[in-house]
Structures are given as structure tokens and as C-alpha cells.
Amino acid sequence: MSQQSAKYIDLHISNGDVVLDAGLNPTYLTDRAVIAQDIVHAILETGLAHLLVSDRGTGVTADTQTRLKILVEDDVRIMPGTVRIEQIGASGQWWVFADTIDFGPISSLIAGGL
């Protein structure tokens, strides 16, 4: 999909920095990838991702998952009722999964295993 036909366009940010191409120009994300990036940034800004990692195996983890689901579902681009926060594998990685209204499923690493 070209950027001109995209509904959403944003700078590609990784580890807090703009991602540059080989010519040192900023790279961009479109549509589904923009939504996934926005969701991860919103989660990181709340500090809730750190709670998932630090409170392993406690009741706080379930509460934190619920708070994260509510946060993600507040995004109008996300289909209500589709958000899942899951710990994947022995490495302790936490992922967010959801369906967008216009672009299908998204999934992104939000904490752990880093």
C-alpha cells in the first residue's frame, strides 16, 4: 500500500528513535502498523508494562492486564472485545493482540524478554 492511499501515516519509531533508511531519511508506517505502534507507545507511557514484568505471579498482574485491555479498547480504531494481553514463552515476553476495525489483527511486544 502506498503512503498516499493510507488512512494513517506516522514516523516509524523504534527504541525511542526515528528509524532511518539507507539514505538517512525517516521511514514511515501506515495504517495497521501505525495503530500497533500507537498502542505500544500508549502502554509504555502509562508505565503499566513494567508492572507486568515486576509483579509476576501476583494478583497485581491480572489487574494490570485488565487496565491494559481497557486502555487499548479506548482506541477508536480497535474492535471492542478483541484485546488480549498474554505472556508468551519461557522468556517472559508480554504481548498485546487486538483486531483493528479497518485493517485486521495486530500484535506487538509490550514488555519482557528484552
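Structure notes:
- Take the Cα of I9, step 7 Å toward its Cβ, do the same at A62, and the gap between the two points is 4.7 nm.
- From phi via Karplus (6.51, -1.76, 1.60), per-residue ³J(HN,Hα) for segment 99-109 in Hz, x at Gly/Pro: 10, 7, 5, 9, 10, x, x, 10, 8, 8, 6
- Helix 59-73 axis, angle to the chain major axis (alpha carbon atoms, nearest 10°): 30 degrees
- In this structure the amide hydrogen of A111, modeled in the peptide plane, comes within under 5 Å of the amide hydrogens of W94, none closer than 5 places in sequence on its chain.
- Per-residue Karplus couplings for segment 85-93, computed as 6.51 cos²θ - 1.76 cosθ + 1.60 with θ equal to phi - 60°, are listed in order as 10, 9, 8, 10, x, 6, 6, x, 6 Hz, Gly and Pro entered as x.
- Computed [θ] at 222 nm, deg cm²/dmol, the chain (DSSP H ≥ 4; -39,500 (n - 2.57); rounded to nearest 500): -10500 deg cm²/dmol
- The structure shown yields Rg/Rh (Cα atoms, Kirkwood Rh), and of the options [x] 1.87; [y] 1.00; [z] 1.04 that calculated value carries the label [y].
- Cα centroid of segment 95-109 to Cα centroid of segment 10-24, whole Å: 21 Å
- Backbone HN-Hα couplings from phi across segment 38-46 [Karplus 6.51/-1.76/1.60, Hz, Gly and Pro as x]: 4, 5, 4, 5, 4, 5, 4, 5, 7
Each reported figure results from applying straightforward, stated rules to the coordinates on display, with no laboratory input. What you see is a predicted model, and the numbers here were worked out from it, not measured in a lab. With ideal geometry, Cβ positions are generated from the backbone for all residues, glycine too; neighbour counts draw on all protein chains shown.
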